[in-house]
Amino acid sequence: MKISIEWLKEYVDLPESPERLKADLSMQGLLVESIDALGGDVVLDVEVTSNRPDCLSHVGMAREVAALYGRQLRKPPAKGDLKTGGERVPFAIEIADPELCPRYTGVVMDGVNVGPSPEWMRRRLEAAGMRPLNNVVDVTNYVLLETGHPLHAFDFDRLRGGKVVVRRATPGAAFQTLDGVERKLDGDMLMINDGEGAVAIAGVMGGLDSEIAPGTSRILIEAAYFQPASIRRTSRRLGLSTEAAYRFERGADWDCTVAAVARAAYLVEQLAGGRVAGGLKDVYPAPKAPVAIPLDRRRAASLLGVELSDDFVEATLGKLGFALEKRGEGAWDVLCPTFRADMELEADLVEELARFYGYDNIPATLPPAPTAGCHSPVYVLENAVREALCGYGHSEAVNLSFAAEADHLEFPPAATGAQAAAEGGGRVAVRNPLTEETKYMRTTLAAGLVRAARRNFNFSRRDVRLFEVGKTYFPGAGGVPSERNALGVLGTGGFYDANWASGEQAYTFYHMKGVVEALLQRLRVRDVSVEPLQGGVPWLDGADAACVKAGGEAVGVLGTLAPALREKFKLRQPVLLAEIDLERLAPKAFAPVVYAPLPKLPQAERDLSIVVGKELAFHEVRTGVEGLGIAELTGVRLIDVYEGEKIPEGKVSLTLRLTFLDRGKTLTIERIQEFMNAVTAFLTTKHGAGLR
């Protein structure tokens, strides 16, 4: 909001320098961003927060200055009598939708001479960032910047039927606004109509057919109060932001309509020669009462950490326009002024007291704590995940928790999550989404990570390592959404760069598998296995996907992004994904550390090459061998896979490295051979394996 110092001085004495005023207002919560010289005037650019619509005007800012320095606030002159004995120009106002328009005030003036505004008004409008047009339109803009309440002036002779009707728009209708653009309306938008059709979009912009023209001699000046949410919704849907809408959607003063019309009528009379021809009509079917809030000084002291006197409370709120009725020592019923639309709770009143007590006068003290704080279990697990993955070269991504319809179709939740499986992939809808991309809450982290990778590709970043720790959302019991903590990991590009000793190696399924296994090992999760995925996940390639298990329970999935999605997102290289359900993993993490002395006797390794069917997973081989009950068997590793010459069609050669150790005595060749014979017999009988 641009505030002219020259204009401000009309309402309050202001001997302070602009620099002093800037510092003092900023300490009151009204940050002055800049001081600019404009001709012979000085203009302050004040950042007004969305909860202070009362400060979006010169009178509102003067009220703050008067309260700050303990001075008298002067109100601008207005026309005292808007009634008329015999109406020369009769007119009517009808409110068909009092929910969206609780109040509408208007007066008709004739004998108006439309022309240029005087120099002082043009200069002030330009200082505030508005372009002067003519004396009638400039008066409405001037009163808006002065009082903060938007007004509009219609050419009365263009209002068919001599009346104004406030009602919702006809769905699908078109309307041409003052800027010459034709706009499509819907049934939720409030319109100002005459006897035959629409003439303005309520609270946003007037229509082209009723604008003030050089030949206009009779005008209708109107001021209204509209429901803030309705104006905001209309402004956003039409993509039309105006000074009027900016104020209405934040909460205008519902008790200011008559005063604003009276001020505008006074200026039109002074600058354009107009006279009241159709007396004031104030349609107000259900008067809105001021907000009343109980205030207790003891609760204020507990919030602020300082004791306030009764005199300070009464003086501070009194000079800000609040009315206090004492109901005991240190207790009041506070009647809030109607221009303070932000007043709802006792804490709002306490905030006003804090502003004028001075935030810098409130001592900084730590709140007392009966016990020392400690990290929550969720924090400990998530922090360990972050430290591990950052150490593995991954960067943390933070994506929105919202999802579009396409996200749920293309990235349904993995069936390993207990909640997802129970709800059949249900989703939580957002009641009032801002865009189509935020209609639902996400059920998986994969969609956001894939989009983040695509953005990196667009900036020529080929090697991408990302992870995200966040929540996924599912329908819960009784219609209450439930949240689940999850971990998503993405890897793509080269596993390491090419150098003089070796060429570049692409990031593959086995690299992602290694990252997940290393992470779970770092988290001290026991009995981890990666097995072929049964049932599949639509966003993973069925031929290259696996299920991650801990303690025999599925806790996540990993694999390559499905080819169809890779094509849809125009990704030119394979993308590997993993998603872990941290809710299921948490009870298995941080198992106690068990220490064992280093073996005094040597271990023995033997390699075994077998030929088996290609469909056989190594996991089945290892699990079966480990289940033979050979206590001396301490490790089973796959060290080579071979397909080619002398290997039958549909078969593959696996080379296993078996490690044996007896901590009590040295292993003999005979005993080792017995173990190897047992393993060979099992593989031959169970899997039809042949020695190579």
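The values are calculated or read from the model by the stated rules, or taken from the named source; none is laboratory data. Quantities reported herein were computed from a predicted structural model and do not represent experimental measurements. Please note: Cβ atoms are built from the backbone with ideal geometry, for glycine as well, and neighbour counts cover all protein chains shown.
Out of Ala562, Ala545, I need the residue that is small (Gly, Ala, Ser), without any contact (Cβ under 8 Å) to a residue 24 or more places away in the chain and in contact with a Pro (Cβ under 9 Å, 6 or more places away or on another chain). Which one? Working first, answer last.
On the way: Ala562 fails: without any contact (Cβ under 8 Å) to a residue 24 or more places away in the chain.
Just a single option satisfies the conditions, and that option is Ala545.
Given Leu667, Leu638, which one is within 30 Å of Asp544 (Cα to Cα), among the aliphatic types (A, V, I, L, M) and outside the structural domain of Ala546 (by TED's automatic domain parsing)?
Unique residue meeting the criteria: Leu638.
Show the residue pairs that are 6+ apart or on different chains and have beta-carbon atoms under 7 Å apart, the first residue being within region 209-228 and crowded, with 23+ Cβ neighbours inside 10 Å, the second being in a loop (DSSP other than H, G, I, E, B) and among the aromatic types (Phe, Trp, Tyr).
Cβ pairs passing all conditions: Leu220/Phe91; Tyr225/Trp254.
So, in region 423-464, how many residues would count as being in contact (Cβ under 8 Å) with a residue 40 or more places away in the chain and part of a helix (DSSP H, G or I)?
11
Can you spot a residue in region 401-409 that is over 21 Å from Arg455 (Cα atoms), assigned by TED's automatic domain parsing to the domain that holds Leu523 and among the acidic types (Asp, Glu)?
There is no residue in region 401-409 that is over 21 Å from Arg455 (Cα atoms), assigned by TED's automatic domain parsing to the domain that holds Leu523 and among the acidic types (Asp, Glu).
Residues in region 47-58: is at least one at pLDDT 95 or above, under 26 Å from Asp348 (Cα atoms) and touching a Pro at 6+ places or on another chain (Cβ under 8 Å)?
Checking region 47-58: not a single residue is at pLDDT 95 or above, under 26 Å from Asp348 (Cα atoms) and touching a Pro at 6+ places or on another chain (Cβ under 8 Å).
Are any residues in region 68-106 in contact (Cβ under 8 Å) with a residue 60 or more places away in the chain and within 30 Å of Met27 (Cβ to Cβ), and if so, which ones?
Leu68, Gly70, Gln72, Leu73, Arg74, Lys75, Pro76
With the requirement that a residue be among the polar types (S, T, N, Q) and out of contact with any helix residue (DSSP H, G or I) (no Cβ under 7 Å at 6 or more places or on another chain), what does region 498-552 give you?
Passing the criteria: Asn499, Ser502, Gln505, Thr508, Gln521, Gln534.
Say whether the condition of being aliphatic (A, V, I, L, M), over 30 Å from Asp41 (Cα atoms) and buried (at least 17 other Cβ atoms within 10 Å of the Cβ) is met by at least one residue in region 113-124.
no
In the list Leu466, Leu449, which residue meets the criterion of being touching a Phe, Trp or Tyr at 6+ places or on another chain (Cβ under 9 Å) and within 21 Å of Ala562 (Cα to Cα)?
Step by step, each of Leu466, Leu449 is checked, and only Leu449 is touching a Phe, Trp or Tyr at 6+ places or on another chain (Cβ under 9 Å) and within 21 Å of Ala562 (Cα to Cα).
May I ask you to list pairs of residues, at least six apart or on different chains, whose Cβ atoms are under 6 Å apart, with the first in region 607-621 being over 25 Å from Cys547 (Cα atoms) and the second being among the aliphatic types (A, V, I, L, M) and assigned to a strand (DSSP E or B)?
Short answer, once both residue conditions are applied: Leu608/Leu656; Ile610/Leu654.
Looking at region 575-582, is at least one residue surrounded by 15 or more Cβ atoms within 10 Å (Cβ to Cβ), under 52 Å from the mean Cα position of the chain (by Cα) and free of Cβ contacts under 8 Å to residues at least 40 places away in the same chain?
No; the residues of region 575-582 include none that is surrounded by 15 or more Cβ atoms within 10 Å (Cβ to Cβ), under 52 Å from the mean Cα position of the chain (by Cα) and free of Cβ contacts under 8 Å to residues at least 40 places away in the same chain.
In region 589-627, what count of residues is obtained for those that are under 17 Å from Asp527 (Cα atoms) and surrounded by 10 or more Cβ atoms within 10 Å (Cβ to Cβ)?
Residues that pass the stated criteria total 12.
Select from region 127-141 the residues that are outside any loop (DSSP other than H, G, I, E, B) and under 35 Å from the mean Cα position of the chain (by Cα) and write down the one among them that is surrounded by the fewest Cβ atoms within 10 Å (Cβ to Cβ).
Going through the qualifying residues, I end up with Ala127.
What's the number of the condition Ser401 fails, among (1) within 15 Å of Val489 (Cα to Cα); (2) modelled with pLDDT of 90 or more?
If we test Ser401 against (1) within 15 Å of Val489 (Cα to Cα); (2) modelled with pLDDT of 90 or more, just (1) comes out false.
Select from region 366-392 the residues that are part of a loop (DSSP other than H, G, I, E, B) and touching a helix residue (DSSP H, G or I) at 6+ places or on another chain (Cβ under 9 Å) and write down the one among them that is modelled with the highest pLDDT. Working first, answer last.
Applying the first criterion (part of a loop (DSSP other than H, G, I, E, B)) to region 366-392 yields 366-376, 392.
From what is left, the residues that are touching a helix residue (DSSP H, G or I) at 6+ places or on another chain (Cβ under 9 Å) are 375, 392.
Numbers: His375: 80, Tyr392: 94.
For region 366-392, the residue satisfying everything is Tyr392.
Against the definition (more than 57 Å from the chain's Cα centre (by Cα) and hydroxyl-bearing (Ser, Thr, Tyr)), how does Thr680 come out, yes or no?
Considered against the rule, which asks whether it is more than 57 Å from the chain's Cα centre (by Cα) and hydroxyl-bearing (Ser, Thr, Tyr), Thr680 comes out as yes.
Could you identify the single residue in Ala414, Ala369, Ala364 that is of a type in the set (Gly, Ala, Ser) and either under 30 Å from Asp463 (Cα atoms) or in the same structural domain as Leu523 (by TED's automatic domain parsing) (or both)?
Step by step, each of Ala414, Ala369, Ala364 is checked, and only Ala414 is of a type in the set (Gly, Ala, Ser) and either under 30 Å from Asp463 (Cα atoms) or in the same structural domain as Leu523 (by TED's automatic domain parsing) (or both).
In region 646-662, which residue that is in a loop (DSSP other than H, G, I, E, B) and under 60 Å from the mean Cα position of the chain (by Cα) is surrounded by the most Cβ atoms within 10 Å (Cβ to Cβ)? Steps first, please.
Of all residues in region 646-662, those in a loop (DSSP other than H, G, I, E, B) come to 646-650, 661-662.
Going one step further and asking which of them are under 60 Å from the mean Cα position of the chain (by Cα), we end up with 647-650, 661.
On the way: Ile647: 14, Pro648: 9, Glu649: 6, Gly650: 9, Leu661: 16.
The qualifying residue surrounded by the most Cβ atoms within 10 Å (Cβ to Cβ) is Leu661.
Considering only residues that are of a type in the set (Val, Ile, Thr) and surrounded by 22 or more Cβ atoms within 10 Å (Cβ to Cβ), which ones fall in region 50-87?
Val59, Val65, listed by residue number.
Rundown of residues vs (1) assigned to a strand (DSSP E or B); (2) more than 30 Å from the chain's Cα centre (by Cα); (3) over 23 Å from Glu182 (Cβ atoms), yes/no style:
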| position | (1), (2), (3) |
| --- | --- |
| Ile221 | yes, yes, yes |
| Ala229 | no, no, yes |
| Ser241 | no, no, no |
| Gly251 | no, no, yes |
| Leu271 | no, yes, yes |
| Lys281 | yes, yes, yes |
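Output the number of the condition that Arg232 fails; it satisfies all remaining conditions of (1) in contact (Cβ under 8 Å) with a residue 40 or more places away in the chain; (2) in contact with a Lys or Arg (Cβ under 9 Å, 6 or more places away or on another chain).
(1) is the only condition that Arg232 fails.
Checking the structure you have, find out if any residue of region 492-504 is over 19 Å from Val575 (Cβ atoms), part of a strand (DSSP E or B), modelled with pLDDT of 90 or more and in contact with a Pro (Cβ under 8 Å, 6 or more places away or on another chain).
No: zero hits.
Is it the case that some residue within region 393-410 is surrounded by fewer than 22 Cβ atoms within 10 Å (Cβ to Cβ), over 23 Å from Glu553 (Cα atoms) and over 26 Å from the mean Cα position of the chain (by Cα)?
Yes: one or more hits.
Please find, within region 300-316, the residue that is nearest to Pro368 (Cα to Cα) out of those that are over 32 Å from the mean Cα position of the chain (by Cα) and in a helix (DSSP H, G or I).
Ala301
Going through Val108, Val46 one at a time, which residue ends up being buried (at least 17 other Cβ atoms within 10 Å of the Cβ) and over 22 Å from Tyr359 (Cα atoms)?
Result: Val108 is the single residue among Val108, Val46 that is buried (at least 17 other Cβ atoms within 10 Å of the Cβ) and over 22 Å from Tyr359 (Cα atoms).
Phe322 - would you say it is surrounded by 20 or more Cβ atoms within 10 Å (Cβ to Cβ) and either in contact (Cβ under 8 Å) with a residue 24 or more places away in the chain or not assigned by TED's automatic domain parsing to the domain that holds Arg247 (or both)? Outline the logic, then answer.
Details: surrounded by 20 or more Cβ atoms within 10 Å (Cβ to Cβ): yes; either in contact (Cβ under 8 Å) with a residue 24 or more places away in the chain or not assigned by TED's automatic domain parsing to the domain that holds Arg247 (or both): yes.
Answer is yes for this residue.
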